[in-house]
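Report on the structure given below.
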Amino acid sequence: MSRAGHTPARVDREAWLDPRAVRSEDAVRDVPEEPCPFRSAFQRDRDRILHSKAFRRLKHKTQVFLAPEGDHYRTRLTHTLEVSALSRTVARALGLNEDLVEAIAMGHDLGHAPFGHTGEHALDDLLRQRFDRRYHHNQQSVRVVERLERGGRGLNLTAQVRDGMLHHTGSGLPRSLEGQVVRLVDRIAYVNHDIEDAISAGVLSADDLPAPEIAVLGDTTTRRLTLLVADIVEHSSDGDVIRQSPEVGQAFLSLRKFMFQNVYLASPANDESERARGVVQSLFTWFHDHPEALPPTPAADDLVQRVTDHVAGMTDRYALRVYRDVFMPREGPL
């Protein structure tokens, strides 16, 4: 209400958007809601994600290095915030809907298992081998906001945000350009920031980075991010696809491949992967054999799904604590 006691007149806050952008008035929810006089539909989605339990747990979930020593390494939460900031920069430059981009970015990794991609692969392998099912964190992210948050009621997010979350990785592009921005910027963010963490950890030195790719992209994080963002904006100013130039796109793919070969799948980032894999799979098996130990759930899901949700939702440190409680002998007289 205004000071005079009247509801403020609604103004078109999105009149400046590019014709290709998604308008908030086109937002669709499974359960219709009255519009908010102060926030767009996508701002409301952003806020619901921000206040969710799954979002808060991201601060204790691995990005690359498992349980790193030091306070300055990325976590899944800081990665999410970096993706959000970069995505908003691209969206604003292209005249796209920043609120939609931000909501997608904030929610895209909510379904990540403990111990990063190691935990995801551990769950996926176990489910595929024993139950003919699969686990993908993008699908779990959507399940979190649709079925698990708010005691099973979900967050009632818009279809546009859920589509961007689902398709931020894997096959198929998001329907919106905003979703495509997050999909590409997610990769740009983690490759460049993981380079910083790998150098800080002594896994790489700046001289180890591949010279041809660095010559194209830049020799510092700031220069690379500036060039990559500018390249996207320049080559995505029209059409229905967010894209990179051939030269920059190929150099970035080569740099990403280098990171997989020399960091993500190499020592020491990979040293603890087998142990982390064992923790995740052991916990899954134990809870499947002891369903009485699972927390109550309002959803009428089968046991395999309930165990998957429980283990996938764990933070790294909670998973380790439960593992110690279940499998490690306690001190003191028996």
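Quick notes on this one:
- Residues K61, K257, arranged from fewest to most other Cβ atoms within 10 angstrom of their Cβ, appear as K257, K61.
- At R0 = 41 Å, FRET efficiency that the Cβ-Cβ distance of R130 and T78 yields, to 0.05: 0.75
- Given R0 = 41 Å, the distance between the Cβ atoms of R56 and E14 translates into a calculated FRET efficiency of 0.85.
- The residues neighbouring P210, those whose beta-carbon lies less than 14 Å from its own, together hold a net charge of -1 under the Lys/Arg +1, Asp/Glu -1 convention.
- Over all other residues within a Cβ to Cβ distance under 14 Å of S282, the charged ones net out to +1, with Lys and Arg as +1 and Asp and Glu as -1.
- Summed residue charge, Cβ within 15 Å of D124's Cβ, Lys/Arg positive, Asp/Glu negative: +2
- For Cα extents along the principal axes in Å, computed directly from the structure shown, the correct entry in (i) 93, 58, 35; (ii) 71, 57, 41; (iii) 54, 42, 38 is (ii).
- Taking a ≥ b ≥ c as the square roots of the eigenvalues of the Cα gyration tensor, region 66-154 is classed as oblate, since a/c reaches at least 1.5 and a/b does not exceed b/c.
- Helix-only [θ]222 nm of the chain, DSSP H runs n ≥ 4, -39500 (n - 2.57) each, per residue, nearest 500: -16500 deg cm²/dmol
- Mean-position separation - Cα centroids, region 222-264 and region 124-157, in angstrom: 30 Å
- With a Förster radius of 25 Å applied to the C-beta separation of E292 and D71, the computed FRET efficiency comes to 0.05.
Since every read-out is calculated from the coordinates, none of them should be taken as a lab result. In this text the structure is predicted, and so the values were computed from the model without any measurement. A quick note on method: Cβ atoms are made from the backbone with ideal geometry, for glycine too, and the neighbour counts reach across all protein chains shown.
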